[in-house]
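All remarks here apply to the structure that follows.
What follows draws every value from the coordinates through simple rules; no lab data is involved. Since we're looking at a predicted model, the values are computed, not measured. Counting neighbours? That spans all protein chains shown, and the Cβs are built from the backbone with ideal geometry, glycine included.
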Amino acid sequence: DTAVSQTPKYLVTQMGNDKSIKCEQNLGHDTMYWYKQDSKKFLKIMFSYNNKELIINETVPNRFSPKSPDKAHLNLHINSLELGDSAVYFCASSQRDYHTYEQYFGPGTRLTVT
Amino acid sequence: SQKIEQNSEALNIQEGKTATLTCNYTNYSPAYLQWYRQDPGRGPVFLLLIRENEKEKRKERLKVTFDTTLKQSLFHITASQPADSATYLCALESQGNLIFGKGTKLSVKP
């Protein structure tokens, strides 16, 4: 069983389009995250979300928005895609009230904007 | 803002030797620090967590130390194997989230 899954694995699209990446976790965790890993392999947090609060990294453009239909899902919507959005996007989850904070990552979605 | 440095982008060692990776940070002291392994084309995988009041943590061939005075963590893999070849990321807690270093790519040669 896959703990954290993402779809699609690859996404190729043109500038200006709107796209979504889906994420699901079956670990029963209360917190989910989106990270961006750029071409230099630098992994940077974009959002963290649980049922109480959404924390947004201030450097993330407002073209990016997370949407959580329920506790097990956190989808990433991106509007008006730009070339600089090309990267690998990782979803992750953790259980914060266990105070361990170890995160479980999905396999990643490679987004290519042309 | 918090800054994390993993001082080697790449580390090449011979099989059977001990690999030592370094993670340094600046500014405030985190409540804990974590190490992850990332293989090409995959997401990071959690390895070890060490808290600010712990000096050392072990798991099988892995050992992590945490020196809050030096603001440094060392990650050791003893009796290294080619299968240990991967990128290793250190991550600091910051307001409940993780800030990752750029990683060190370890290559273990047979």
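Hey, fewest Cβ within 10 Å first, where do A:SER94, B:SER73 land in order?
A:SER94, B:SER73
Compute the length gained on full extension between B:ARG51 and B:HIS76: take 0.36 nm times their separation in residues and subtract their Cα-Cα distance, giving the result in nm to one decimal.
Additional length available on full extension: 7.3 nm.
If we count other beta carbons within 10 Å of each Cβ, what is the order of A:LEU83, A:LEU11, A:LEU27, fewest first?
The order, fewest Cβ neighbours first, is A:LEU83, A:LEU27, A:LEU11.
Which of the pairs A:LYS9/A:LYS67; B:LYS3/B:LYS109; A:LYS41/B:LYS63; A:LYS19/A:LYS41 have their Cα atoms more than 27 Å apart in this structure?
Check vs 27 Å cut-off fails for B:LYS3/B:LYS109.
Give me the log10 of I(q) over I(0) for the protein assembly as shown at q = 0.14 Å⁻¹, as the Debye formula computes it from C-alpha points; what are the numbers?
Here log10 of I(q) over I(0) equals -0.89.
May I ask for the distance between the Cα centers of the stretch A:68-114 and the stretch B:36-110, given as a whole number of Å?
After rounding, the separation between the Cα centres reads 22 Å.
Only four residue types carry charge here, +1 at the Cβ of Lys and Arg and -1 at the Cβ of Asp and Glu. Report the dipole size of the protein assembly as shown about the Cα centre in Debye, rounded to the nearest 20.
Using Cβ point charges on Lys, Arg, Asp and Glu, the protein assembly as shown gives about 400 debye.
Report the percentage of all Cα-Cα pairs in chain A whose separation exceeds 26 Å, rounded to a whole percent.
So the portion of pairs separated by more than 26 Å is 13 percent.
Which is the longest run of chain A containing none of the GluC sites (Glu not before Pro) found in DSSP loop states (not H, G, I, E, B) with at most 11 other C-beta atoms within 10 Å?
A:59-114
With a cut-off of 8 Å between alpha carbons and a minimum separation of six or more residues, what is the relative contact order of chain A in percent?
38 percent
Which of the aspartates and glutamates could a cross-linker bridge to B:LYS102, judged by Cα under 12 Å and excluding same-chain residues fewer than eight apart?
Partners within reach: A:ASP38, B:GLU5, B:GLU9.
From the phi angles alone, apply the Karplus equation (6.51, -1.76, 1.60; θ = phi - 60°) to the stretch B:46-59 and give each ³J(HN,Hα) in whole Hz, x where the residue is Gly or Pro.
Karplus-based 3J(HN,Hα) across the stretch B:46-59 equals 5, 10, 8, 10, 10, 8, 5, 9, 10, 8, 8, 9, 10, 8 Hz.
Which whole number gives the average count of other chain Cβ atoms within 10 Å of the Cβ atoms across peptide B:84-96?
For this peptide, the per-residue mean of nearby foreign Cβ atoms is 2.
Along the stretch B:13-19, what does the Karplus equation 6.51 cos²θ - 1.76 cosθ + 1.60 (θ = phi - 60°) give for ³J(HN,Hα), rounded to whole Hz, x for Gly and Pro?
Result, rounded to whole Hz: 9, 8, 3, x, 7, 8, 8.
Karplus couplings for the stretch B:68-80 from phi (6.51 cos²θ - 1.76 cosθ + 1.60, θ = phi - 60°), rounded to Hz, Gly and Pro as x?
Using θ = phi - 60°, the values come out as 6, 6, 7, 6, 8, 10, 10, 10, 10, 10, 8, 6, 4 Hz.
Could you check which residue among B:THR18, B:THR69, B:THR78 shows the biggest mean-square fluctuation in a GNM of chain B with a 10 Å Cα cutoff?
In the Gaussian network model the winner is B:THR69.
With a point put 7 Å past each Cα toward its Cβ, work out how far A:ASP70 is from B:ARG61 in nm, to one decimal.
Taking the two extended label points, one gets 4.2 nm.
Please name whichever of A:ASN79, A:PRO8, A:MET32 sits farthest to the positive end of the charge dipole of the stretch A:4-113, dipole taken about the Cα centre and charges placed at Cβ: Lys and Arg +1, Asp and Glu -1.
A:PRO8
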